[in-house]
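K.L.:
Here it is, the structure in full.
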Amino acid sequence: MNRYKVRDIVDLIRSKGKLPTDQFGQILPVDDLLVWFGLDAGLAPDEYQCVRQELALMAESQDELEKLRLAEEFHSGTSY
């Protein structure tokens with residue numbers, strides 16, 4: 001496995017900002033993300049699995065950050 005290749009791919013995806021979402025605002029499933037970024041071919045099987053895992057972690061992180069943002073908006077709009 002070429003760890004540099006995997007790191008460069010993940011860094012490139014991160015540089016694009018938020019992960020793409022569907023019409024309901026949900027992050028695309030990991031396998032769809034791989035196709036979206038053109039990574040469904042051309043990677044060795046172990047590289048593919050590594051990038052797949054990184055995308056899953058990125059999606060989870062983005063979801064959690066969005067929940068925190070929404071909670072912050074809710075609390076800042078509440079007056080006591």
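Computed from the coordinates by the stated procedures, all read-outs in this text should not be read as laboratory data. If you're wondering where the values come from, they're calculated on a predicted model, not measured in any experiment. When we count neighbours, we look across all protein chains shown, and the Cβ atoms used for this are built from the backbone with ideal geometry, even at glycine.
K.L.:
Applying the selection to segment 25-78, what residues are without any contact (Cβ under 8 Å) to a residue 12 or more places away in the chain and among the small types (G, A, S)?
P.N.:
G25, G38, A41, G42, S61, A71, S76, G77 - these are the residues of segment 25-78 that are without any contact (Cβ under 8 Å) to a residue 12 or more places away in the chain and among the small types (G, A, S).
K.L.:
Out of segment 13-49, which residues are assigned to a helix (DSSP H, G or I), over 14 Å from E60 (Cα atoms), under 12 Å from the mean Cα position of the chain (by Cα) and of a type in the set (A, V, I, L, M, F, W, C)?
P.N.:
I13, L34, W36, listed by residue number.
K.L.:
Answer with yes or no whether V10 is closer than 15 Å to M58 by Cα and in contact (Cβ under 8 Å) with a residue 40 or more places away in the chain.
P.N.:
Yes; evaluated as a whole, the condition is true for this residue.
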